[in-house]
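Bear in mind these aren't lab numbers, they're just calculated from the coordinates by the rules spelled out. Source: prediction; values computed, not measured. Glycine also receives a Cβ, built like all others from the backbone with ideal geometry; neighbour counts cover every protein chain displayed.
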Amino acid sequence: MSQKILSFESFGITDIGLVRDHNEDVWAAYPEEGFFLLADGMGGHACGEVASKEALHILYTLFTEWYSSGQTVPSKAKAFFEEAFAKVNGQIYQQAQRDEVLKGMGTTLCALFFLKKEAIIAHVGDSRIYRYRANQLEQLTEDHSLVAELMALGAVASAEADSFPYKHILTRAIGTQPQVEASLATIQREPEDLFLLCTDGLTNYVTNIQINQIIESYHSLEEMGKALINQAKQNGGGDNITAILVKPL
C-alpha cells in the first residue's frame, strides 16, 4: 500500500561555476512521485558527465518499475534503494570496463524519497542532503571521504578540514569498484521541513552557517537556490554547483 504524498514545492538549479569547462553535475526532480536525486560525476574529459547522467537514468528506471508496484512502505522502500544503488554501481562499473575511454569514471549519487510521514535518504559519495527545521540546518548524510573518516576517528580536527591536502578523495563512489554499499536512513518528517540536496561545489565554498542564513533570508525556493549558487561563486566557484530545494506541502 502506498503512503506517498502528492504535493511538493521544489526548485533545482545547476551552474558550471567559474573554473570548470563543462558541467558534470546532474539533477532530477519527480515531484509527482516524491522523488529527488542528483549526481556529481568524476573521471576527466566527458567521463564524469557520462557517469552522472547514466546513474540518474538507471536509478530512475529501476525506481519507476518498483514504484508502480505500490509497495512503497518504509521498510520496502529502504530495501529497494539498497538494492538499486548496488545495481546502478554494477552497471556503471561494467560500462567503464568495456570502454577504454570511460575507464575510471565514477559519480556520487544522492536520493531523497518521500512517504506520508517519513522520507528515505540514500547516498554514496560526498553530495549531501540537509534538512532545515525550526530555523536550524542539519546535515543528514555523512560524506564518504577520507577527510570525513579521519575526522570521525579524531585524526583530523574540524578546523583543519578545509585545508586538508586530500580533502577531495572519496572512499566510496558509484562505478569505481565492482561493489559499493550505500548509506541509507529513514527519517521522520514534519510539516514545516525544508530539504536541500547539493553537490560539493556548494558545500566546499559555502559554509553551513551561510546556507542557514540564505534560507532564512529568502521566501521562495527559487530565490534561495539562486542565492546559494551566487554565494558559492562569490566564494571562489571552483567546481560545478548544484542544489535542489524541496518543501513537502
Next item on the list: Report the local net charge at Gln136: Lys and Arg +1, Asp and Glu -1, summed over other residues whose C-beta lies under 13 Å from its C-beta.
Entry: -3
Check: Between Leu115 and residues 5 or more places away or on another chain, which pairs have amide H atoms under 5 Å apart, with H built 1.01 Å from N, and which residues are they?
Finding: Ile120
Note to self: Mean-square fluctuation check for the chain, GNM, Cα pairs under 10 Å: which of Tyr60, Tyr93, Tyr218 is largest?
What the structure shows: Tyr218
Margin query: Quick check: net charge around Thr61, other residues with Cβ under 12 Å of its Cβ, Lys/Arg +1 and Asp/Glu -1?
Written below: -1
Notebook entry, point to check: Once you sort the root eigenvalues of the Cα gyration tensor of segment 159-249 as a ≥ b ≥ c, which label holds: rounded (a/c under 1.5), prolate (a/b larger than b/c) or oblate (the other case)?
Noted result: oblate
Next item on the list: Could you tally up the Lys pairs in segment 8-248 with alpha carbons closer than 18 Å? Skip any pair fewer than 8 positions apart unless they're on separate chains.
Entry: 11
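Would you work out the relative contact order for segment 8-248, in percent, from Cα pairs under 8 angstrom that are 6 or more residues apart?
28
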Item checked: Sequence-distant residues sharing a close amide H with Ala182 (under 5 Å, placed H) -> none
Next item on the list: Scan the chain and note any complete DSSP helix (H) whose C-alpha atoms cover at least 20 Å along its axis and whose Kyte-Doolittle average is 1.6 or more.
Entry: none
Checklist line | GNM result for the chain, Cα springs below 10 Å: residue of Lys53, Lys233, Lys103 fluctuating most strongly | finding: Lys103
Next item on the list: State the label only: which of [x] 47; [y] 41; [z] 29 corresponds to percent of Cα pairs over 28 Å apart computed from the shown model?
Entry: [z]
Notebook entry, point to check: Once you list every other residue whose beta carbon is under 11 Å from the beta carbon of Thr14, what net charge do they have if Lys and Arg are +1 and Asp and Glu are -1?
Noted result: -4
